[in-house]
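The structure appears right after this line, and notes come after that.
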Ligand SMILES: [Zn+2]
């Protein structure tokens, strides 16, 4: 490694991924670790700092330009504090940026992870002035990012695009965010696990769409997944909708039916008749690449 580089980190509820991306966009020293080594700590930021120091020690040469981290969380508007992260509670209400900047003397960027996933798609697809791009990433939860006129939509408090937390009438399940009746409780990977346990206990979760995709319970579940994204399409009339996440990428997921449901729930004649739906590129390094791309943009002075 003799080039200048950014360390990109993608922290999930189960694993975190980390790598060095140089100015040409090439990735080096990609690693996947268990998030439990951060989450069990009283001081998760110190654990993270210690981890990065050891990681860097093993790599000779080059100069660190920035560190960029995606969290499965809401993040403050100034992008310094992780607010609420149900799957990684140790980081709740934690200023991550100040201690990292102090230790490494480089700019540190944090963001919600799905913004970095969408950043990855935008760079890899060479999208220039793409207008309004919506990213929907359905995994354990229902992740969402909106890129509008070359900026991520972040809102008054920095927490825009929490699409999974649309309230739904007559739903009484408690969401990971603490509210009752968020659509994520009936439209997410977490819900799919519940459906498996309830209706198909003999089926391995990875086979659920292969074996049961025509079952009314599964068809109804797939339809539920389209309610949030169709809602957002009706609001924004986007140029491009990118769909990804673990649930969508499962073998046998009925994409045709999924798209038909989106069509059904969107306004006619438009946007329904001119939908541009695309699926995310399958790459488990996307969050690391995306976080680094974001950092390089910020280092260049782009206000994204
Ligand atoms: Zn919620």
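The values are calculated or read from the model by the stated rules, or taken from the named source; none is laboratory data. What you see is a predicted model; the values in this text were computed from it and never measured. Every residue, glycine as well, gets a Cβ built from its backbone with ideal geometry; the counts of neighbours run over all protein chains shown.
In table form, for the structure just shown:
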| quantity | calculated |
| --- | --- |
| Complete set of residues in region 15-31 that are surrounded by fewer than 16 Cβ atoms within 10 Å (Cβ to Cβ), on the phi < 0 side of the Ramachandran plot and without any contact (Cβ under 8 Å) to a residue 40 or more places away in the chain | 15, 24, 26, 28, 31 |
| Residue identified as away from the ligand (no atom under 16 Å from the Cβ), in contact (Cβ under 8 Å) with a residue 24 or more places away in the chain and either within 18 Å of the chain's Cα centre (by Cα) or surrounded by fewer than 16 Cβ atoms within 10 Å (Cβ to Cβ) (or both) among 209, 152 | 152 |
| Test: residue 120 is out of contact with any strand residue (DSSP E or B) (no Cβ under 7 Å at 6 or more places or on another chain) and either touching a residue at least 60 places away in the same chain (Cβ under 8 Å) or not assigned by TED's automatic domain parsing to the domain that holds residue 46 (or both) | yes |
| Where residue 99 falls short, out of the listed (1) away from the ligand (no atom under 16 Å from the Cβ); (2) buried (at least 17 other Cβ atoms within 10 Å of the Cβ); (3) assigned by TED's automatic domain parsing to the domain that holds residue 68 | (2) |
| Residue check for residue 143: surrounded by 17 or more Cβ atoms within 10 Å (Cβ to Cβ), within 16 Å of the ligand (Cβ to nearest atom) and not in a helix (DSSP H, G or I) | yes |
| Matching entry among 158, 181, 164 (being at pLDDT 95 or above, surrounded by 15 or more Cβ atoms within 10 Å (Cβ to Cβ) and more than 10 Å from the ligand (Cβ to nearest atom)) | 158 |
| Number of positions in region 222-247 that are in a loop (DSSP other than H, G, I, E, B) and buried (at least 20 other Cβ atoms within 10 Å of the Cβ) | 3 |
| Residue in region 168-178 that is farthest from residue 74 (Cα to Cα), counting only those that are near the ligand (Cβ under 9 Å from one of its atoms) and in contact with a helix residue (DSSP H, G or I) (Cβ under 9 Å, 6 or more places away or on another chain) | 174 |
